[in-house]
1. Among the GluC sites (Glu not before Pro) in segment 1-76, which ones are in a DSSP loop with at most 13 other Cβ atoms within 10 Å of the Cβ? Mind listing them?
2. Past the 22 Å Cα-Cα mark, which pairs from K44/K113; K33/K102; K24/K44; K43/K102; K44/K108?
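Nothing in this text is a laboratory measurement; each read-out follows from the coordinates by a stated rule. Predicted model only: the values in this text are computed from it and were never measured. Here Cβ is always computed from backbone atoms with ideal geometry, including for glycine, and neighbour counts include all displayed protein chains.
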Amino acid sequence: MITDVVISHRQKQIIFGHESGAIKIYRFNETRKYLQELRGHQKKCHSLIISEKNNNDILYSSGEDNMIRIWNLYQFEEIYSLRIDLICDQIILLSDELAFVKFYDMRKTCLCKINAYKMEPIMTENKDSKINSLKCDG
């Protein structure tokens, strides 16, 4: 079952996240050719988002395995992974240097700094608007 869809306009790719954790990439021109499957998430892939920064299409994915993964869409390989203590439900790119992460229980959020294709949590907020630190290893 498909859990999320995103399009890379520059690469002419349509990318599907699946319940199995797989990420499948197809060409969306007239050929509709299957290109690649990205494997990394061990459980359901929740969120996909693309940054087309500096002519490098970068895919950010989050999964039910408590991982945020960053993929290079030219070489179809993982660049970086970040393990977090909560399940990430959604990633929103605010700029080339900043991402907002919403967690599955919807009571916590996190602001992450993106630096050289890495995500570094800088602060979190819980439902009571208290700032907490985010446990991660990356």
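1. Details: sites: E19, E30, E37, E52, E64; in loops: E19, E30, E52, E64.
Sparse-neighbourhood loop GluC sites (Glu not before Pro): E19, E30.
2. Details: K44/K113 25 Å; K33/K102 33 Å; K24/K44 13 Å; K43/K102 18 Å; K44/K108 20 Å.
Those over the limit are K44/K113; K33/K102.
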